[in-house]
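> This is the structure I want to talk about, given as structure tokens.
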Amino acid sequence: MRNSETRTTKTGPDDAGLFQLFNETRLDERKSCAFAFSIRMEALALHILQKEMNGVEAAELLRREVARYEAESRGDWH
């Protein structure tokens, strides 16, 4: 669930307000992605600890996670 925020932006001949809005939106998206990534990493760490995985098993789990993120970056939404 995302919170939405209404903003008023002045646009003019150079559209500086619009560019500012784009930059703020991009920064918000980066923050959201970083937060989601941190939650996922915490979940993986907990899973590794609960399953008492050894180093090889944990590395394989991380490799599968990397493959998941790579697929997502290509637009393959599973």
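The values are calculated or read from the model by the stated rules, or taken from the named source; none is laboratory data. Not measured: the values here are computed from a predicted model. A quick note on method: Cβ atoms are made from the backbone with ideal geometry, for glycine too, and the neighbour counts reach across all protein chains shown. In case anyone asks, the SASA skips ligands and DNA or RNA and just uses the protein heavy atoms, side chains included. Shrake-Rupley method; radii C 1.70, N 1.55, O 1.52, S 1.80 Å.
> Quick one: what pairs do we get from region 54-78, first residue more than 13 Å from MET41 (Cβ to Cβ), second part of a helix (DSSP H, G or I) and open to solvent by 100 Å² or more (accessible area, probe 1.4 Å), C-beta under 9 Å, 6+ apart or different chains?
These pairs meet every condition: HIS78/ARG68.
> Give me the residue from region 5-39 that is among the polar types (S, T, N, Q) and at pLDDT 80 or above and, out of that set, nearest to TYR69 (Cα to Cα).
Let us first name the residues in region 5-39 that are among the polar types (S, T, N, Q), namely 6, 8-9, 11, 20, 23, 25, 32, 38.
Cutting the leftovers down to at pLDDT 80 or above gives us 20, 23, 25, 32, 38.
Working: GLN20: 29, ASN23: 24, THR25: 22, SER32: 15, SER38: 13 Å.
For region 5-39, the residue satisfying everything is SER38.
> If I go through region 20-77 residue by residue, how many of them are under 27 Å from GLU5 (Cα atoms), open to solvent by 80 Å² or more (accessible area, probe 1.4 Å) and aliphatic (A, V, I, L, M)?
2
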